[in-house]
Each structure stands twice: as C-alpha cells, then as structure tokens.
Ligand SMILES: [Zn+2]
C-alpha cells in the first residue's frame, strides 16, 4: 500500500460505479488506477477524483500493465476557477493533457510535479490572456526540459555551431525536426532540400532564453509576478507559445486535443 499526493490528470467512467483515473503523483510519477465505487456519492474517495483536483491518495501498485487499485483519497485543493475564468480553465486542461501525454508511467519526477501544481493553481486566478499564455508557454518549456527534449537555443541544432545573437536584428530560424534553432548555413541547406523551418523573431528567442535562465537559476515565477511578464510584448508571448506548441505537436506526432481552446 502506497501513500502520496497527486494531481488528477484524467478521469474516465469504467462502469456504473467505477472510474479509471490517471494520477500524476509526486513520488511515483504517473499511475493509472481503478477506483471501485468511485462514482458513488458515499465512497472512500470523497468525490476527490475530478480532473485537476490535488489529492492525497492511497493505492496498491500492480506489476506490469495492470491498473493500480485506489483504496482511498482526500482532497487537498480543488481546482475552482474564479469569475468565469475560461482562459485559465482551458490552460489548466491543456497542462493536464500534456502531463498525461509526456510522462511515462511509474517514472518519478517531483520537480515537474511541483512546477505543474504551482502553475495549475496560479491559473485559478483570473488574469489577462497574455499572462495565461505566458504561464502555458513556460510550462511547455519546462516540460520539454524535464523530458530531455528542450529545443536548442544557443547553438545550431543541425551542426552544433554556437549562434551568437549580439543584436536584435539577426535573423534566426527554427527547425522542429532538428530540435531547435539553426544557423544560416544550415538554413540554406534546408531551403535547397525543401525541408520545413520557420523564422524566429529575436524577441521570441529572448523569451525562450529567459525561460531557460529561470530553470537554470531555479527562479520561480510568482503567481502575481506580472512585472516579469510585462517585460514581454503580448505578441512575443503568443509567438513563443505557438512555437512551443508546434514543437510539442512535432514531438508527439499529433496535436493535443485541448490545444485548440488556447489563445
Ligand atoms: Zn548549422
């Protein structure tokens, strides 16, 4: 029997009374478990199994591909958005879907757990769309970092050459299949070979570098740290979000279902 805290990232009906839930736990990583009687009003789960709820959970781990068995759960925090905060709600659903798509079962990542819960509960509070977009873009970047697929932003992802951006006028390109920015020589080769790449604005690169610096220095963006966010133009935040989402789609080979509700 194991105890841990977790975020409910998916919850589906299994039978009249039971649910199958996907939980991102702090110490055990992602688990898939059956909650027998989870749909009954009076169950040991305290109706704690709604998506995005942070819970304390007790479960029995099963070997191989069998579902774990949930025996008990209590709510730590419910994800309740304030004042018709649809942007925040959609962003939170997107983050939950990404966690489910990117994490492996039973592979602990408490750093990602902490970051994800902090982001999710930041999104409860109403905020302008650019602030929500910033949080989602930052989550995208952190997730890619934790997953070992963070895009290259300091050197050419094709040839490894260091790319120095001294001024904000330099033209840089980004290539999903290479895994990051590419130098002018490699861009020329891609152009000749008709391989897809896109233009990356210097401001977008700056924001990506800002995310990287925050990870390296373990800086936490505070929920109300709008001074940091307001350094970046709304269009820059949106461009960065779109770039990272496209990169994520490339990595996954498909588009997350909830991505269309963003922006
Ligand atoms: Zn190159």
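What full-extension length gain, to one decimal in nm, is calculated for residue 164 and residue 82 as 0.36 nm per residue of separation minus the Cα-Cα distance?
Working it through step by step, the gained length comes to 25.1 nm.
Expressed as a rounded percentage, what relative contact order does the chain have, with Cα pairs under 8 Å and six or more residues apart?
So the answer I get is 16 percent.
Using a/c under 1.5 as the rounded threshold, could you call the stretch 81-263 rounded, prolate or oblate? The axes a ≥ b ≥ c are square roots of the C-alpha gyration tensor eigenvalues, and prolate needs a/b larger than b/c, oblate otherwise.
prolate
Pull up the DSSP beta bridges for the stretch 1-78 and report the antiparallel fraction as a percent, rounded to 5.
Counting DSSP beta bridges with both partners in the stretch 1-78, the antiparallel share is about 95 percent.
So what's the gap between the Cα centers of the stretch 40-84 and the stretch 139-193, to the nearest angstrom?
41
Using a 7 Å offset from the Cα along the Cα-to-Cβ direction at both residue 47 and residue 217, what is the distance between the two label points in nm, to one decimal?
4.5
Figure the gain on full extension for residue 209 and residue 147 (residue separation times 0.36 nm, minus the Cα-Cα span) and round it to one decimal in nm.
Working it through step by step, the gained length comes to 20.6 nm.
Hey, in the GNM for the chain with a 10 angstrom Cα cutoff, which one of 227, 85, 133 fluctuates hardest?
227
Pairs of alpha-carbon atoms within less than 8 angstrom and 6+ residues apart define the contacts here; what relative contact order does the stretch 1-81 have, in percent?
RCO, the stretch 1-81: 30 percent.
Work out the FRET efficiency for residue 254 and residue 111 from their Cβ-Cβ distance, taking R0 = 25 Å, and round it to the nearest 0.05.
0.45
Rounded, prolate or oblate: which fits the stretch 1-154 when a ≥ b ≥ c are the square roots of the eigenvalues of the alpha-carbon gyration tensor, with rounded for a/c under 1.5 and prolate only if a/b beats b/c?
Oblate.
Taking Cα pairs under 8 Å and at least six residues apart, what relative contact order does the stretch 1-138 come out at, in percent?
Computed value for the stretch 1-138: 26 percent relative contact order.
Each value in this text was obtained by applying a stated rule to the coordinates, not by laboratory testing. Remember, it's a predicted structure, so these values are computed and weren't measured experimentally. Positions of Cβ are backbone-derived with ideal geometry, glycine not excepted, and every protein chain shown enters the neighbour counts.
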